[in-house]
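Below is one structure, written out as structure tokens; the observations come after it.
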Amino acid sequence: MVAQLIQWADQQGYELTGGELYRPPQTARYYKSIGIGILNSKHCQRLAIDLNLFIDGEYQRSTEVYKPLGEYWESLGGRWGGRFKRKDGNHFEL
């Protein structure tokens, strides 16, 4: 599914780089302690990835800009972080 997402994004003219792919449990505990993550992250199970989106060479931070990618990911059966209570637009998980 990740390969499909990356290929689709490329066909749409998006540029992607890999962000966080795996999160060790120690890192998950630390992120939770400082309020930027959750303890039971799917990253710890290797079931989530974060992708960095670039448009015309400029890094995009807005969840809204990731929406077409998120909707495509959902159409493949995945769960997109842009729908989370605390928006996480660059997060794609199974």
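Structure notes:
- Model label points for Asn40 and Gln7, set 7 angstrom from Cα along the Cα-to-Cβ axis, are 3.4 nm apart.
- Ascending count of other beta-carbon atoms within 10 Å, so fewest first, for Arg23, Arg86: Arg86, Arg23
- The average projected area of the range 2-93, computed from the convex hull of its Cα atoms over all directions, is 5.8 nm².
- Euclidean distance between Cα centres, the range 78-94 to the range 1-76, Å: 8 Å
- Dipole magnitude of the range 2-93 about its Cα centre (Cβ charges: Lys, Arg +1; Asp, Glu -1), debye to nearest 20: 680 debye
- The alpha-carbon of Lys87 sits under 18 angstrom from the alpha-carbons of these aspartates and glutamates, leaving out residues fewer than 8 places away in its chain: Glu20, Asp50, Glu64, Glu71, Glu74.
Values quoted throughout were computed directly from the atomic coordinates according to the rules given, and no laboratory measurement underlies them. Here the structure is a predicted model, which is why all the values come from computation and not from measurement. All Cβ positions, even for glycine, are placed from backbone atoms using ideal geometry, and neighbour counts span all protein chains on display.
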